[in-house]
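Just below is one structure, and these are the notes that go with it.
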Amino acid sequence: MEVLALILFLCIFLFILFGYPVAFTLGGISAIVGYYALGPSFFNFLPSRIMGVMSNYVLMAVPLFVYMGIMLEKSGLAESLLETMAMLFGKVKGGLAISVMIVGALLAASTGIVGATVITMGLISLPTMLKRNYKPELAAGTVASAGTLGQIIPPSVVLVLLGSVLNVSVGELFKAALLPGVLLVGVYIIYILIAAKLNPTIAPAIPKEEIDAFKADNFIRKMIIAFLLPLTLIVAVLGSIFAGIASPTEAAAVGAVGATVLTIAQGKFSLKILKDVMRGTTYLTTMVFLILLGATTFALVFRGLGGDTYLVELIEAAQMSPTVFLLIVMLVVFIAGFFIDFIEIIFIIVPVVAPIFVNYGMDLVWIGVLLALNLQSSFLSPPFGFSLFYLKGVAPPQITTAHIYRGIVPFLIIQLFFLALVLFVPKLVFMF
């Protein structure tokens, strides 16, 4: 029975790699194996498990944060923010790239959705950077890494789902991920400054005349509008969670309403925009919950076959230290991220290894931040990183796949170094 549980896990993983729909593969194969191995009466437990998932208050935050992210994408806020930031840092070599990184971080803290941020930043900033004679590799690497910050900077959908699966407080995960996310942005900016200093031709400064012309036309008003609106939303969402005023789900509702108000304030709101946002939210939320229902069926059968206890016994028999086991899990998650989306990884791999982390007495909040950083790294890794595909889809014709792959390598090295830093210096996630 226990070996059958591991075979079930491997079969599902292989079917997903071959491109079969994740939700139906998870639920379908698990149901077939469970029916023949455990008998039809075993599935009497399934309805209560499914209702337990569907009534999970924390998961209500998912559609609300998705709505907030898509609505902000339509608001035009990123465009005005990037333009203002570029003029603020325009005199500095690499200033436009720094602006893109900071705007990416602010959008990550406002939306928490990687695909939306990468596509928005790619459409807005990549043509601008090329027009300013930025080296294509640096421009592509900056946009891809900035867009992927939505994996780690709260309020991240990844952290919400990890909190649900690991059964830890989403608010605690948000607090723990905040400092690593901000420090990562800082290290990215330091790299851009050093690269531009060593070779000024790859990231030239904006001409002084252009900056002066922009500043002459109501610059203070532009700056206040560009910064005040997104910062107000970030403070409303994260501040209410950290201050203990609202739960993550309640704060997500505040964010959804706030994003709608900001879109109205920008003059971009319309019935068509609202329909598009609601349709996109429904599509993404349905996908997440279908996968979640399939994962619930898989978890029930896997545990019914004794797979979780068998894995714990195997690890104990191997006399594997907690650190070695954690490194193996991190490697598996990193490689899996090349081929399957973060949602599948969270719902397939994490529930299997979580009991072992508990058995080792590891802090699951720290594990959650490590997994989020790891998934972010796999999003940036050639040749299969999802962010790289998103960027290639919206990049101008002169940006080749080779440009994107070469450009992302320095940022990926920084990301992996930072992942190792959080792994060996856990205090970084417990500063707040």
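The values are calculated or read from the model by the stated rules, or taken from the named source; none is laboratory data. Keep in mind that this is a model prediction, so the values were computed, not measured. Neighbour counts are summed over all protein chains in view; Cβ atoms, including those assigned to glycine, are modelled from backbone coordinates with ideal geometry.
Each row is one residue, and each column tells you yes or no for (1) modelled with pLDDT of 75 or more; (2) closer than 30 Å to Pro40 by Cβ; (3) touching a helix residue (DSSP H, G or I) at 6+ places or on another chain (Cβ under 9 Å); (4) β-branched (Val, Ile, Thr).
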{"position": "Gly304", "(1), (2), (3), (4)": "yes, yes, yes, no"}
{"position": "Asp308", "(1), (2), (3), (4)": "no, yes, yes, no"}
{"position": "Phe325", "(1), (2), (3), (4)": "yes, no, yes, no"}
{"position": "Val333", "(1), (2), (3), (4)": "yes, no, yes, yes"}
Does the range 36-50 contain any residue that is within 28 Å of the chain's Cα centre (by Cα), part of a helix (DSSP H, G or I) and not polar (S, T, N, Q)?
-> yes
List every residue pair whose Cβ atoms sit under 7 Å apart, with the two residues 6 or more apart in sequence or on different chains, where the first one lies in the range 409-427 and is touching a residue at least 12 places away in the same chain (Cβ under 8 Å) and the second, anywhere, is aromatic (Phe, Trp, Tyr) and in a helix (DSSP H, G or I).
-> Pro410/Tyr191; Phe411/Tyr188; Ile414/Tyr188; Ile414/Tyr191; Pro426/Trp366
Among the residues of the range 381-432 satisfying the criterion of being under 30 Å from Phe242 (Cα atoms) and not in a helix (DSSP H, G or I), which is modelled with the highest pLDDT?
-> Val425
When you look at Lys197, is it under 18 Å from Ile98 (Cα atoms), buried (at least 19 other Cβ atoms within 10 Å of the Cβ), in contact (Cβ under 8 Å) with a residue 60 or more places away in the chain and of a type in the set (D, E, K, R), yes or no?
-> no
Are there any pairs, at least 6 apart or on different chains, whose C-beta atoms fall under 6 Å, with the first in the range 160-184 and on the phi < 0 side of the Ramachandran plot and the second small (Gly, Ala, Ser), and if so, which?
-> Val160/Ala61; Leu162/Gly368; Leu166/Ala354; Leu166/Gly368; Val170/Gly163; Leu173/Gly163; Leu173/Gly368
Among the residues listed as Gly34, Gly69, the single one being under 30 Å from Leu10 (Cα atoms), crowded, with 19+ Cβ neighbours inside 10 Å and among the small types (Gly, Ala, Ser) = Gly34
Filter the range 176-214 for residues that are closer than 18 Å to Val235 by Cα and in contact with a Ser or Thr (Cβ under 9 Å, 6 or more places away or on another chain) and give the result.
-> Ala177, Gly181
In the range 235-272, how many residues are in contact with a Leu (Cβ under 7 Å, 6 or more places away or on another chain), in a helix (DSSP H, G or I) and at pLDDT below 80?
-> 0
Among the candidates Val143, Val66, which residue alone is part of a helix (DSSP H, G or I), under 26 Å from Ile206 (Cα atoms) and not charged (D, E, K, R)?
-> Val143
